[in-house]
Amino acid sequence: MEIIPEHNYPINMSDTNGIATKDSWENLPIDNPKQLQIHLEFNESQFFKIKNGLIPEEMEDKWFIYYEEGFLYFHRSWTGFGIYKAKITKEPTGYIIREFWVERNIEKYSNTDDEQDRTILKLLISNGLLNEPLSSLKTDSSMDSSDEILKNYVVYGNMILGNKED
């Protein structure tokens, strides 16, 4: 049986100034986390874009993303379910994500493929937060081809359509 919250609308949009906070949208914590390793690097400019997060504007915006106290949180916009939580660390060369947690409660998130989760996280950051191509992220692994991933509109929504007008 799938757990569905009673509502999935913005909670407090008036005070955000376009910057996503925990209170900007309904969100539920990850309740069965699995820790995964990854290596993503960001420069100062990219980090400040990431910190703004993402507040859904329409149904096709499938994700709500916010930054808080060194962590980046990724929630499905319709249900509020927490899917990813990534730790961002400040380094002398910039900012790095070395680890993240993914929901493994099958009633909240059906994917169990760790590599697919790494690719999804990369795409959510590159397309969803940075409005940059997937290849713009510095990583210690080869970049996955996004051809198959980009076909999955159910997961990514409007993020696969390219940059939104500012």
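Using the structure shown, list the pairs from 62/85; 49/108; 51/108 with a Cα-Cα distance above 21 Å, or answer none.
Details: 62/85 16 Å; 49/108 28 Å; 51/108 25 Å.
Where the Cα-Cα span goes over 21 Å, the pairs concerned are 49/108; 51/108.
So between residue 47 and residue 17, what do we pick up on full extension, going 0.36 nm a residue minus the alpha carbon distance? Don't skip to the answer; put the middle values down first.
Working: separation 30, 0.36 × 30 = 10.80 nm, distance 1.79 nm.
Net length gain for the segment: 9.0 nm.
Non-local amide H neighbours of residue 71 (under 5 Å, H modeled in plane, Pro and chain starts lacking H): which ones?
Amide H to amide H, under 5 Å and 5 or more residues apart or across chains, residue 71 pairs with 88.
Every number in this text was worked out from the coordinates using simple rules, so none of it is lab data. It should be emphasised that the depicted structure is a prediction, and the values quoted were computed from it without experimental measurement.
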